[in-house]
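Presented below is the structure to which this report refers.
The values are calculated or read from the model by the stated rules, or taken from the named source; none is laboratory data. Everything numeric in this text was worked out from a predicted model, so none of it was measured. Backbone-built Cβ (ideal geometry, glycine too); neighbour counts: all protein chains shown. Note: areas computed on protein heavy atoms with side chains; ligands, DNA, RNA excluded. Shrake-Rupley method; radii C 1.70, N 1.55, O 1.52, S 1.80 Å.
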Amino acid sequence: MSPSAHMVQVKYRPDIDGLRAIAILTVVAYHAGVPGVSGGFVGVDVFFVLSGFLITSLLYQELERTGRISIINFYARRVRRLLPALAATVLLTAVVACFVLIPDPELRWFAQSAISVAAGASNMFFLVKTGGYFDATSETQPLLHTWSLAVEEQFYVLWPLLLWLVVARSGHRSRRNVLVVIAAVSAASLVLALLLTPISQQASFYLMPTRLWELGVGAMLAVAGWRARSGSVSVVALLGLALVVGSVFVLDGGSLFPGLGALPAVIGTTLLVLAGSSSNRISHGLSHPWLVWIGLRSYSWYLLHWPALTLVRVHTMEQNLWRDVGIAIATLIAADLSFRLVEQPFRYRASAGRIGAASPRQSVLAGVATLAAIAGLAAVVLLNTAAFSRVTMSDSLESALQEHRTVSSTCPNVPASDGDAVDCTFPAQGAHAANPEDESRTQGRIVLTGDSHALALLPAVQQIAEATGMQLDVMWDTGCPFLPGFTEGSGQRVVSEACRSENVYRVQELAAEPPTVLVISGRYSSYLQPGPGLSESQASLAAGLSDLAHELDRTTVAVIKDVPRFPHDVPLCLLRRTDCDMPRADAESDRRPQVEAFDSLSGLPNVLTWDPMEHLCTSQICRGQANDGTVLYRDRDHLSRAGALALAKALSLDIEKKI
């Protein structure tokens, strides 16, 4: 059978390419930092719905025509459609990355991510390796955007097999049976997303099972063949456009997403696809030649824009709106070249009459070989990162970088990357612990609680505990600051259910056994963001801490204001240049919401509000490196061990005065 006999054609709809253009424009604008486009990441959700619609249209039409689905033909089409441009992008990015990225950890992380891309599992890689899509660490990952391609690739593995099983089990091509199965799978995925998002937003964002419903909605449209009624098609299209555009401008990184937050964009895209099957002004507008031109190049533009933005930002260590918009436009031009010279030739190589056209089996084997080659080259880079070293490091900088690579909780056998709540105890040590008759120091117990920022302060608190002979207990959880009784204001970032439960547990433990000293530290700026609901969040946080201080009236409560947050990773900055300071005014502006909340506690007799900024900053600048060369941070907002120890003496003196 000739290659053309395997081809399945779906009627071309220019409005679909127009929708692709809207999706990619919102994603690129969001990544370039265009003001106002705070929810541009929903463009990916638009792509998911369209992919589910188009892929299922191909599969179901083949099913209706032949009574079966050729899995090998399907995968061959996917390989020819997606792999050439992806492989070219990864290889081009790798070449530039070898010259731009710091060998360890940046180039090492890049090589690991390239291997995960080749394995079709980059969504799981970035779930484990970053603090989430909206976390600052994600902004330095040139292949971060491939997480959505991994979701689709995993969908491509599952979906044709699922449809084939439905038909094989039912024994006939029942549209109703197929629809019921798709609806059931999509409903289960949506329920999972709704349940998981409040518990672990990162997992819900990245994983295919919690994104499957978005592709499934598009799949139901393809199988059902629904059309909007002629009298209501304009209203349907207008409502769909309003939902998509509204999501782009209303949502932001603090929204509860992708659970309920993804519904408007998904529903809106569904309505636009539904309306596009009939004539209406909005669908006609989406079919404009300019939008269609962009839509046809949307895949290559999606692939190219993010590595270009990331590598330039990493190299310059700054974001610049006009420069980044210029980069976005330049990558659109590059996307046109990729579309014409890479995508199209490989995609249609199997067309009828082409000399040397590859068979479906050959296409799949070539795809597997290409992915293996990418993984192999990335592994070579991974094993030889030292060969790309271009600088000589001081001992302090090397130590900070080592902490950057492998963060340890210093609790025995408990790595910080677990992501679960961790409790650990350090028994009383030193001369005062060994001599209970010595009353020159206060005996008792110190508790340190909070998130990873509290853990970064641990060396200082350990030193205080050793000096006073106290036992030290630590209660911490990654990404979960101490928020007793906290209720976020409307429009503020929502606290996950897991973090709420962890905070209830912490309060119960403290009430059951009040410590001598309670040290509280955390990245409170995540939950106190300028904008709607800030004053309510500030009042709630202050009230919760105040109530706790009254309940623990014999405990000295030391509330540590957060350290200045740098716009760049301090150790990596010091590898690139010598001036890595930041203006103190910028740090004060960034911390103002939490400082205002904590300052309201200063009148309580057993509360110490302590500000590390007074010891890390001059009147004009905040420093990431001390005058003696000590590197004070291990990234942009976590103290290094040396940085924490630099604060220990001053913090100890102020706590002892309060006891």
Is one or more of the residues making up the stretch 203-221 at pLDDT below 90, outside any helix (DSSP H, G or I) and open to solvent by less than 40 Å² (accessible area, probe 1.4 Å)?
-> no
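Just one of V559, V519, V507 is among the β-branched types (V, I, T) and touching a Pro at 6+ places or on another chain (Cβ under 6 Å); which is it?
Testing whether each residue is among the β-branched types (V, I, T) and touching a Pro at 6+ places or on another chain (Cβ under 6 Å) leaves just V507.
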Mind listing whichever residues of the stretch 270-288 are more than 24 Å from A335 (Cβ to Cβ), open to solvent by 40 Å² or more (accessible area, probe 1.4 Å) and not in a helix (DSSP H, G or I)?
-> S279
From the set of residues in the stretch 117-127 that are assigned to a helix (DSSP H, G or I) and touching a residue at least 24 places away in the same chain (Cβ under 8 Å), which is farthest from A373 (Cα to Cα)?
-> L127
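Look at D569 and say whether it is open to solvent by 40 Å² or more (accessible area, probe 1.4 Å) and either of a type outside the set (F, W, Y) or at pLDDT 90 or above (or both).
Here the answer is no, as D569 does not meet what is asked.
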Can F48 be described as open to solvent by 20 Å² or more (accessible area, probe 1.4 Å), assigned to a helix (DSSP H, G or I) and among the aromatic types (F, W, Y)?
-> no
Residue among L162, L179, L190 that alone is at negative phi, modelled with pLDDT of 95 or more, aliphatic (A, V, I, L, M) and open to solvent by less than 60 Å² (accessible area, probe 1.4 Å) | L190
Lone qualifier among A242, A168 - being surrounded by fewer than 16 Cβ atoms within 10 Å (Cβ to Cβ) and farther than 18 Å from L59 by Cβ | A242
Within the stretch 278-290, is even one residue within 32 Å of the chain's Cα centre (by Cα) and of a type outside the set (D, E, K, R)?
-> yes
Selected residue [under 19 Å from the mean Cα position of the chain (by Cα), modelled with pLDDT of 95 or more and farther than 17 Å from I294 by Cα] from V42, V46, V28 | V42
Helices (runs of 4 or more DSSP H) (entirely within the stretch 289-387) containing at least 3 residues that are at pLDDT 95 or above = 289-296, 298-316, 321-338
Of (1) among the acidic types (D, E); (2) farther than 17 Å from P514 by Cα; (3) under 37 Å from the mean Cα position of the chain (by Cα); (4) at pLDDT below 85, D423 satisfies every one except (2)
Filtering the stretch 484-543 down to residues that are in contact with a strand residue (DSSP E or B) (Cβ under 7 Å, 6 or more places away or on another chain) and either assigned to a loop (DSSP other than H, G, I, E, B) or modelled with pLDDT under 85 (or both), which residue is most open to solvent (accessible area, probe 1.4 Å)?
-> T516
Scan the stretch 604-626 and give yes if some residue there is open to solvent by less than 20 Å² (accessible area, probe 1.4 Å) and without any contact (Cβ under 8 Å) to a residue 40 or more places away in the chain, otherwise no.
-> no
Which ones in the stretch 533-583 are in contact (Cβ under 8 Å) with a residue 24 or more places away in the chain and of a type in the set (S, T, Y)?
-> S535, S537, S540, S546, T555, T556
Mind telling me which of the residues W301, W226 ends up being in contact (Cβ under 8 Å) with a residue 24 or more places away in the chain and open to solvent by 40 Å² or more (accessible area, probe 1.4 Å)?
-> W226
Can you tell me which residues in the stretch 36-82 are charged (D, E, K, R) and closer than 22 Å to G259 by Cα?
-> D45
Could you look through the stretch 57-73, keep only residues that are under 34 Å from the mean Cα position of the chain (by Cα) and β-branched (V, I, T), and pick out the one that is modelled with the highest pLDDT?
-> I72
